[in-house]
Each structure stands twice: as structure tokens, then as C-alpha cells.
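Okay, structure first, notes after.
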Amino acid sequence: MLFHQVHVPPVCSLCSRLCAFRDQNRAQNPLYHNAPVPAFGDLSARLLIVGLAPGLSGANATGRPFTGDDAGQVLYAALLAHGLALGDYRGHAHDGLRLMDTRITNTVRCVPPNNRPTPLEIRTCGFFLDQEIHAMPHLSVILTLGKVAYETTLKILGGNPRQTPFVHGRVVQQGPYTLIASYHTSRYNINTKRLTVEMFDAIMGTVSTSLAATPRP
Ligand code: SF4
């Protein structure tokens, strides 16, 4: 089914634990976004980047995926270096940064306690990710950041993570989509050197090569 827009209610209450956490955060930080974080970028893009969930003081604060915390520094620097973004990333939603042929979303759209959504929350919000994927008429490449994003996206596309488990750098052709797996650009992964800037640059090279193989219609 092709959806022409992705409608996530701004006060979606499907996940009771996350709603309670949102209310708690709203009381502590009333100026934060504290709501489901909408995707960033055009539905007409050929590239979709899927993260895990908003960071408490990152996307949950600014209302834009990967914006305001360390994970965004690495991701947006790479997008700018590879011509997939224009402007300057300044860590807030009004920095004028533009994505080129790229859209960024999360597997789970509300901030979870300790950055850990439950399997039920992942499945529940997966409904919106499914909608999003099928609302992008030119989508050809999906870059997933982290195991949860990879497995959730693969299942939505009809794949089986047991047959093709998460491996950093793995490329899976799933129907019309090229699915690329990467470690998440989180501060933890960068600090522990599980993911280096050079490793992520190589992933972005794979993304660029995959996009070049599927020219815009
Ligand atoms: S995580 Fe997704 S499904 Fe759950 S309350 Fe937030 S927007 Fe709704």
C-alpha cells in the first residue's frame, strides 16, 4: 500500500511507558520538544537513514532527529562531506541545514528511558516506520544505524534477521531496496572506538555508491 504522507499524531499515546516518560520530561524541561519526533527531509528522497530513538537532550529537546547531541555531530558531518546535506549543522532545528535526497527518521519516535525501547515499543512504533518507507516513492537505499534499526527495517521489508544478522558494513538487497547496516553514531560507540569517523566515512561511501547505481527517475 502506498501512503502519500506519514501521520504520526503529535501526542501519540500508543506506548504508555513512553508517554509517562514524556510527561516526566515535560515537567522537568518544559522548553524541550517532549513529543514524537517527526522525520527530517523530503519523502521524495532516495535515501532513508533510520536511527534508534530520540536522545533525551538531543532530538527530544530540539524536535529534529540526531540534532543536539553527539550522535548528530558525526552523522551530519558525514552527510555534509558526501554532498547529502547543505549548510551548517549547529545542533538545533533552526540552523538552516538542508538534506539532499535524504530523509532521517527513528525506529522509535519518542525518547525511551536509558535509550532502551522495549520490544513492544519497537513493534508498536514500527507501524509508523513501515508507513514511512512505503510513503517514499523513490526510496532505494536505507542506512540503518544500530542493530535495532537494522532488524526492524529488515523485518518490515520481509527479511529475516536470523538469515542475515546485523553485521557492521553488511549490505542486503531486499526487493527494490539496498539495506546497509552500520553501528550507530552514538557517543558511546565513538568513545569506545567501536565506530570511528573513518569507519563511518566508509559506510557513507557505500551509501553513495548504492545511490549512484540507482539514478533518480
Ligand atoms: S514511540 Fe511511536 S508508537 Fe509509541 S507513543 Fe511514541 S510515536 Fe506513538
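The values are calculated or read from the model by the stated rules, or taken from the named source; none is laboratory data. Values in this document were obtained by computation on a predicted structure and should not be read as measured data. Backbone-built Cβ (ideal geometry, glycine too); neighbour counts: all protein chains shown. Calculation scope for accessible area: heavy atoms of the full protein, side chains included, ligands and nucleic acids excluded. Shrake-Rupley method; radii C 1.70, N 1.55, O 1.52, S 1.80 Å.
Per residue, how much accessible area does the stretch 39-212 have with a 1.4 Å probe, in Å²?
On the way: 7330 Å² over 174 residues.
Result: 42 Å² of accessible area for each residue.
Calculated from DSSP H runs of 4 or more alone, at -39500 (n - 2.57) each and per residue, what is the 222 nm mean residue ellipticity of the chain, nearest 500?
-10500 deg cm²/dmol
What does the charge count around HIS138 come to, taking other residues whose C-beta lies under 12 Å from its C-beta (Lys +1, Arg +1, Asp -1, Glu -1)?
Net charge around HIS138: +1.
Taking θ as phi - 60°, what are the ³J(HN,Hα) couplings along the stretch 40-52 by the Karplus curve (6.51, -1.76, 1.60), each to the nearest whole Hz, with x for Gly and Pro?
These are the phi-based 3J(HN,Hα) values: 10, x, 6, 5, 7, 5, 8, 10, 10, 10, 10, x, 8 Hz.
Just to compare against my own numbers: the Cα pair-distance distribution for the chain, 5 Å bins, whole % per bin, please.
Pairs per bin, as whole percents: 1, 7, 16, 21, 22, 18, 10, 4, 1, 0.
Taking amide hydrogens as modeled 1.01 Å from N in the peptide plane, which residues meet the under 5 Å criterion relative to ARG103, leaving out close sequence neighbours?
Amide H to amide H, under 5 Å and 5 or more residues apart or across chains, ARG103 pairs with LEU47, LEU48, ILE49.
Mind listing which trypsin sites (Lys or Arg not before Pro) in the stretch 139-195 are in a DSSP loop and have 13 or fewer other Cβ atoms within 10 Å?
When the trypsin sites (Lys or Arg not before Pro) of the stretch 139-195 are filtered for loop state and at most 13 Cβ neighbours within 10 Å, ARG162, LYS193, ARG194 remain.
Considering the chain as a Gaussian network with a 10 Å cut-off on Cα pairs, which listed residue, VAL197, VAL37, VAL74, attains the greatest mean-square fluctuation?
Of VAL197, VAL37, VAL74, the Gaussian network model singles out VAL197 as fluctuating most.
Assuming 0.36 nm per residue, please report the length gained on full extension of the stretch LEU86 to PHE127 beyond their Cα-Cα distance. Show your work: numbers first, answer last.
On the way: separation 41, 0.36 × 41 = 14.76 nm, distance 3.04 nm.
Using 0.36 nm per residue and subtracting the Cα-Cα distance, I get 11.7 nm.
On full extension of the chain, what length is gained from HIS134 through ARG170, given 0.36 nm per residue of separation minus the C-alpha to C-alpha distance?
10.7 nm
Springs between alpha-carbon atoms under 10 Å, Gaussian network over the chain: tell me which of THR144, THR118, THR67 tops the mean-square fluctuations.
THR118
With a 1.4 Å probe and every protein chain kept in, tell me what percent of the accessible surface of the stretch 39-212 is carbon plus sulfur.
51
What ³J(HN,Hα) values, in whole Hz, does the Karplus curve 6.51 cos²θ - 1.76 cosθ + 1.60 give for the stretch 68-73 when θ = phi - 60°, with x put for Gly and Pro?
Once rounded to whole Hz, the list reads x, 9, 5, 4, x, 4.
Multiplying the sequence separation of VAL11 and THR196 by 0.36 nm and subtracting their Cα-Cα distance, what value in nm do you get?
63.0 nm
Using a 1.4 Å probe, how large is the accessible area of HIS33, given in Å² and rounded to the nearest 10?
In the full protein context, HIS33 sits at about 70 Å².
What are the ³J(HN,Hα) couplings of the stretch 22-34, residue after residue, when phi is run through the Karplus curve with 6.51, -1.76, 1.60 and θ = phi - 60°? Round to Hz, x for glycine and proline.
Result, rounded to whole Hz: 4, 4, 4, 5, 5, 5, 7, 9, x, 8, 6, 4, 6.
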